[in-house]
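> Submitted below is the structure of interest, expressed as structure tokens.
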Amino acid sequence: MKQIALDIGLTTGPTLQNFHPGPNALALQHLSLWLGQGGAHAARSPVPTYLWGGSGSGKTHLLKAVREALREQGASSGWMDAGNQEPGPFSQSWSAVLLDDVHLYNAAQQQAAFNWFVNAQTLQRGVLASGDQPPTGLVLRDDLRTRLGWGHGFGLKVLSEPERRAVLRQAADARGVFLGDEVMDFMLTRFSRDLVSLMELLDLIDAYALQTKRAITVPMIRAMMEAS
């Protein structure tokens, strides 16, 4: 069954609070502690952190959540992903460097990432990076790959379907909402399966059910989609 992309007016972005860790609790705890030192000029540990895992494991969510948390603390950060075709120079105003999906970097991006990494380490700034596999398996220039591998490393796992169902059920119960098995099946097969999207979908469903005074059923969700 074809999945439907969830792009019906959701505004909540990735945060550490809306990341559902499951088997990835240690990575979340590590990042929370690192951020908890607070402030734009906090003496955070400069030891780099590298996250790896498959699609949907939460790598990009966590990097974007860290970027947002730093922004809320009044700190700026350098961000690079595979979409940055012309990455700029390192800025001494950055409190951290965030390198997402490094396994997709081209030669120019690898050069920029290495430069950012070296400058961040020289100035005792944090580096957080992510890729699809452990550092030793990355097809990158040697000097960048070895630097990605010498700090903290966390392998992230995609939540299983039973784990996603359990999180949804718990969240629905907390709202006083009943999700029948048919509704749960529909949510997990017709929409994006990452938990942030599913939780935002639950918020929409709950609000629409209250507004229309209807029980939460598959036909109600279809009506909500048609009305959006």
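> Per residue, what volume in Å³ does the Cα convex hull of region 161-227 take up?
About 77 Å³ per residue, rounded to a whole number.
> Something else now. Aspartates and glutamates within cross-link reach of LYS157: Cα-Cα under 20 Å, excluding same-chain residues under 8 positions apart?
Excluding near neighbours in sequence, the set is ASP100, ASP101, ASP132, ASP194.
> Compute the helix-to-body angle for 25-35: its Cα long axis versus the longest principal axis of the chain, expressed 0 to 90° and rounded to tens.
60
> Calculate the FRET efficiency for VAL218 and ALA25 from the Cβ-Cβ distance with a Förster distance of 41 Å, rounded to the nearest 0.05.
Once the sixth-power term is evaluated, E becomes 0.80.
> Where does region 22-155 land on Rg/Rh, using Cα atoms and the Kirkwood Rh?
Reported Rg/Rh (Cα atoms, Kirkwood Rh): 0.92.
> How big is the Rg/Rh ratio for the chain, C-alpha atoms only, Rh by Kirkwood, two decimals?
1.03
> Right, here's the next one. Angle check, please: helix 161-175 long axis (alpha carbons) against the longest principal axis of the chain (alpha carbons), in degrees 0 to 90, nearest 10.
70
> Roughly what angle does helix 107-122 make with the longest principal axis of the chain, taking Cα atoms, 0 to 90 degrees, to the nearest 10?
For helix 107-122, the angle is close to 70 degrees.
> Report the extension gain between TRP150 and ASP181 in nm, rounded to one decimal, defined as 0.36 nm multiplied by the number of residues separating them, less their alpha carbon distance.
6.6 nm
> How big is the gap, in Å, between the Cα center of region 103-137 and the Cα center of region 156-228?
If you average the Cα positions of each part, the centres end up 37 Å apart.
Values in this text are rule-based calculations from the coordinates and carry no lab data. Predicted model only: the values in this text are computed from it and were never measured. With ideal geometry, Cβ positions are generated from the backbone for all residues, glycine too; neighbour counts draw on all protein chains shown.
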